[in-house]
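J.: One structure follows; several queries about it will come next.
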Ligand code: SAM
C-alpha cells in the first residue's frame, strides 16, 4: 500500500499531467484537486490506481468519474466560496468533496442508498462538515432546499430536467451531460430571469440519470414517487 507521501506525490502528478496539461486553469479548482484525497473515495483494492487518468468502478455498475472530468465540471460551475450547491449523483463522494472544498454548502442526492451512505460516511471521515447527502430521485431535485447557486448533475440526462431549471437561482449555473444513453454533450446552462442560456461543450460518456426526469430505471429502486431522505451519518439507516 502506498504511503501518505506517495499518494500526495501521485496527486501532484495527476494535477500537473492530467489537469494543467489539458485546459484546467482555475487556481481554486486546481488547489481543491491537490487537496482532496481521491484514494479515500475508491474501493480499497483500487487505491493504488486512484490517481490514474480514468474512471473506476465503485459498485452497482456505477463509476467515480475521471479526475479531468471532475475538474472540468467544477471549473465550468464557476463556483464561489458563498455558493450553495446541489449535486445530483453522489456516487463515491469524491466530486462532492471537491465541491465542499470550494463552496459554502453542498446538498448531494444519490439514488442507491448504499452508495449515498458510504459516501456520506467517507465525507465525514475526511472532515467535510458542509454537506448533507440525501437518498432519492435526483432528477426531481431538492425543492425544499431550493434555490441553488449552482447545480451539478454527474449522470447523463435525456434533456435538462425541468425541476432542476426551476430550482436554479437567477444568475445561477447548471452543468450536466445530456444526450442518449451512450453519447452526450456536457452543457452549461445559465439562468437569467426566465431565460436559460445554453452552451454545449465537449462530447462525453456518463452513466444514465435514472428517474422521473431521466431515463427509465431498469431495476429497483424506483424512487420517483418518494421524497428524498436525508442520510444521518450518526444513525444507521
Ligand atoms: N461524481 C461521482 C463521483 O465522484 O464518484 C460519480 C457519479 S456516477 C458517474 C453517477 C451517479 O449518479 C451514480 O452514483 C448513480 O447511482 C447516480 N444516479 C443516477 N441516477 C440518479 C438519480 N435519479 N438520482 C440520484 N443519483 C442518481
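J.: Report every pair of residues separated by at least 6 positions or lying on different chains whose Cβ atoms are under 6 Å apart, first residue within segment 125-148 and closer than 28 Å to residue 39 by Cα and in a loop (DSSP other than H, G, I, E, B), second at pLDDT 95 or above and more than 13 Å from the ligand (Cβ to nearest atom).
T.: Listed pairs, sorted by first residue: 130/105.
J.: Residue by residue through segment 99-124, note down the ones that are surrounded by fewer than 24 Cβ atoms within 10 Å (Cβ to Cβ) and in a helix (DSSP H, G or I).
T.: Those that are surrounded by fewer than 24 Cβ atoms within 10 Å (Cβ to Cβ) and in a helix (DSSP H, G or I): 101, 102, 113, 114, 115, 117, 118, 121, 122, 124.
J.: Part of a strand (DSSP E or B), near the ligand (Cβ under 9 Å from one of its atoms) and either touching a residue at least 60 places away in the same chain (Cβ under 8 Å) or farther than 16 Å from residue 28 by Cβ (or both): is that true of residue 63 in this structure?
T.: When the stated conditions are applied, residue 63 passes them.
J.: Among 28, 80, which is the only one that is away from the ligand (no atom under 15 Å from the Cβ), assigned to a loop (DSSP other than H, G, I, E, B) and in contact (Cβ under 8 Å) with a residue 24 or more places away in the chain?
T.: Of 28, 80, the one residue that is away from the ligand (no atom under 15 Å from the Cβ), assigned to a loop (DSSP other than H, G, I, E, B) and in contact (Cβ under 8 Å) with a residue 24 or more places away in the chain is 80.
J.: So, one more: Please give the number of the condition residue 4 fails out of (1) over 15 Å from the mean Cα position of the chain (by Cα); (2) in contact (Cβ under 8 Å) with a residue 60 or more places away in the chain.
T.: The failed condition is (2).
J.: Restricting to segment 39-55, name every residue that is more than 9 Å from the ligand (Cβ to nearest atom) and touching a strand residue (DSSP E or B) at 6+ places or on another chain (Cβ under 8 Å).
T.: 43, 46, 49, 50
J.: Going through 74, 90 one at a time, which residue ends up being under 17 Å from the mean Cα position of the chain (by Cα), surrounded by 22 or more Cβ atoms within 10 Å (Cβ to Cβ), part of a helix (DSSP H, G or I) and within 13 Å of the ligand (Cβ to nearest atom)?
T.: Result: 74 is the single residue among 74, 90 that is under 17 Å from the mean Cα position of the chain (by Cα), surrounded by 22 or more Cβ atoms within 10 Å (Cβ to Cβ), part of a helix (DSSP H, G or I) and within 13 Å of the ligand (Cβ to nearest atom).
J.: Does residue 188 count as surrounded by fewer than 17 Cβ atoms within 10 Å (Cβ to Cβ), outside any loop (DSSP other than H, G, I, E, B) and modelled with pLDDT of 95 or more?
T.: In short, no.
The values are calculated or read from the model by the stated rules, or taken from the named source; none is laboratory data. On a predicted model such as this, the values are computed, not experimentally measured, just so you know. Every residue, glycine among them, receives a Cβ derived from its backbone with ideal geometry; neighbour counts consider all protein chains shown.
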